[in-house]
Amino acid sequence: MSVLRLAAIGPRRRAGAPPIEHSLLLTATLCLVALGVVMVFSASSTTSLLGESGDSAYYLKRTLLFGAVGLVAMRILAVRGVSVIYRLTPVIMAVSVGLLVLVLMPGFGVEVNGAKRWIGAGLFQVQPSEIAKVALVLHGAALLATRPRLTRSLGDMVPFLMPVGVVCLLVVAEPDLGTATVACFTAFALLVAGGAKMRHLGLLGLILLGAILLAILIEPYRMERLVGFINPSVDPAGAGFQANQAQIALGSGGLFGVGVGESLQKAFYLPEAHTDMIAAVIGEEMGLLGIVGLASLFGLFAYGGLRTAQRARDRYTKLLAAGLVSLVMVQATINLFAVLGLAPLTGVPLPFVSYGNSSLLVLLASVGVLLNIAGGARVPAAKPKPAAQARSRNVSGGRRTSRDGRLRVVEGGRAAGPRRKSSSRAKGRDSRRGNRRSRRAGARRRGRAAG
């Protein structure tokens with residue numbers, strides 16, 4: 001093969017390569033999922049072996065199963081995610097709200113640790129709040145894209161804020177204040193991306209903080225968590241127990257950690273080690289370098305996602321990408337801050353890493369939509385209305401329908417009828433001029449003959 005032929009093939013391959021945003025998102029997601037698989041097994045093997053299941057790989061098997069399904073969904077949505085999601089947004093929103101209502105009804109919701117957050121049985125349990133968070137992003141992006149004036153004032157924001165309020169009230173009733181907080185902050189970030197004014201955002205922020213404080217004050221266990229966050233030493237065996245054990249785990253890891261699988265805190269000392277507190281196990285087994293690596297992967301995801309939103313091809317895909325990235329980053333920030341002692345414990349899992357079937361499946365599907373946007377997807381073009389189609393059929397082929405229903409030939413954008421009329425008039429004028437000239441010539445010849 002000649003050098004010139006190789007040079008011709010090279011640029012073609014480079015042109016077909018995925019953009020850098022696509023690679024960043026895919027790399028960060030796969031690394032986080034792989035880290036989550038390893039750490040879920042490490043954090044849960046001891047307790048699951050000595051617990052009811054008697055299988056050290058009980059949570060690992062479930063994570064692998066739902067992770068595989070999520071990766072397949074991500075691959076499918078990476079090809080046609082935007083076009084599918086755009087059409088199904090009303091259905092997804094209605095289904096998520098219906099499931100939230102259903103989970104609160106007697107006999108439907110599955111109660112775990114005093115909270116009814118799941119619906120279903122056995123392996124096929126679904127957490128509707130995870131679907132509702134993504135549904136709010138989809139609905140909000142579509143609404144702000146088609147109606148940009150919603151961000152002009154607080155009164156104009158009501159159609160955007162009402163679904164957020166309904167979903168958050170239903171989630172708080174489960175009770176699950178942490179997930180409702182994630183949904184509110186994500187909606188707040190979507191308004192920022194939509195161009196809302198700072199004074200309106202500041203007022204909404206004060207309202208949101210007031211609602212969160214009110215929700216904490218009306219529930220005693222939430223007040224205990226807040227007190228345990230402010231001063232963990234007040235009740236080290238009660239409200240401050242989980243926070244204290246997380247700090248012990250992080251401190252025991254040092255710089256390089258004690259080694260994967262060698263954690264002591266995960267064995268009956270650290271509650272919810274494989275879900276909410278998995279970052280503490282990472283800190284103990286991998287040390288400070290493990291926490292820095294974890295934060296770097298989320299930073300890589302955020303960078304790739306925000307570049308995707310910036311380079312998206314229309315307003316809807318820009319807002320959708322910004323909302324989905326904000327959903328992941330808000331959830332990761334709240335979880336890491338709680339583990340590090342910088343925020344109260346909320347029960348929010350770490351995206352892609354913590355054990356959670358519904359969370360992993362929904363988030364991987366969301367990444368598939370992000371990858372589709374990074375690949376250049378845009379909102380599907382609307383089909384022309386029947387009247388426009390009929391008009392285009394009448395004009396096509398050089399024909400146009402007149403008001404009386406008869407067809408007229410169109411040439412150069414004008415009907416040929418008036419041209420025929422004007423040409424006949426011109427011919428009449430020319431013939432009259434010719435007759436005058438012939439009469440004058442005949443008169444001159446007769447005059448010369450008479451002379």
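The values are calculated or read from the model by the stated rules, or taken from the named source; none is laboratory data. Just so we're clear, the structure is a prediction, and the values are computed from it rather than from any experiment. Ideal geometry is used to build each Cβ from the backbone, glycine not excepted, and the neighbour counts take in all protein chains shown.
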Output for the stretch 322-354, where each listed residue is modelled with pLDDT of 95 or more and in contact with a Lys or Arg (Cβ under 9 Å, 6 or more places away or on another chain): Leu327, Gln331
query: Which residue pairs have Cβ atoms closer than 6 Å, lie 6 or more positions apart in sequence or on different chains, and pair a first residue in the stretch 148-171 that is under 13 Å from Cys184 (Cα atoms) and assigned by TED's automatic domain parsing to the domain that holds Leu191 with a second residue that is of a type in the set (Val, Ile, Thr) and assigned to a helix (DSSP H, G or I)?
result: Val171/Thr179
- prompt: Hey, any hits in the stretch 306-322 for a residue that's surrounded by 22 or more Cβ atoms within 10 Å (Cβ to Cβ), in contact (Cβ under 8 Å) with a residue 24 or more places away in the chain and of a type in the set (Val, Ile, Thr)?
  reply: yes
message: Let me confirm something: among Ala34, Ala73, Ala28, Ala57, which residue is at pLDDT below 90 and either closer than 29 Å to Gly290 by Cβ or under 28 Å from the mean Cα position of the chain (by Cα) (or both)?
response: Ala57
field: Odd one out for Ile334, checked against (1) over 20 Å from the mean Cα position of the chain (by Cα); (2) assigned to a helix (DSSP H, G or I)
entry: (1)
- line: Within the stretch 212-231, the residues that are assigned to a helix (DSSP H, G or I) and either in contact (Cβ under 8 Å) with a residue 24 or more places away in the chain or not assigned by TED's automatic domain parsing to the domain that holds Arg152 (or both) are Ile212, Ala215, Ile216, Arg222, Arg225, Leu226, Gly228, Phe229
statement: For the stretch 74-97 the number of residues that are crowded, with 16+ Cβ neighbours inside 10 Å, of a type in the set (A, V, I, L, M, F, W, C) and in contact (Cβ under 8 Å) with a residue 60 or more places away in the chain is 7
- prompt: Only one of (1) of a type in the set (Phe, Trp, Tyr); (2) surrounded by 15 or more Cβ atoms within 10 Å (Cβ to Cβ); (3) over 30 Å from Ala115 (Cβ atoms) is not met by Phe301, so which one is it?
  reply: (3)
query: Within the stretch 330-348, how many residues are in contact (Cβ under 8 Å) with a residue 60 or more places away in the chain, surrounded by 24 or more Cβ atoms within 10 Å (Cβ to Cβ) and within 21 Å of Gly70 (Cβ to Cβ)?
result: 2
Yes/no for Gly293 being over 30 Å from Gly195 (Cα atoms) and part of a helix (DSSP H, G or I): yes
field: Filter result for the condition that a residue is among the β-branched types (Val, Ile, Thr) and touching a residue at least 24 places away in the same chain (Cβ under 8 Å), over Val234, Val260
entry: Val260
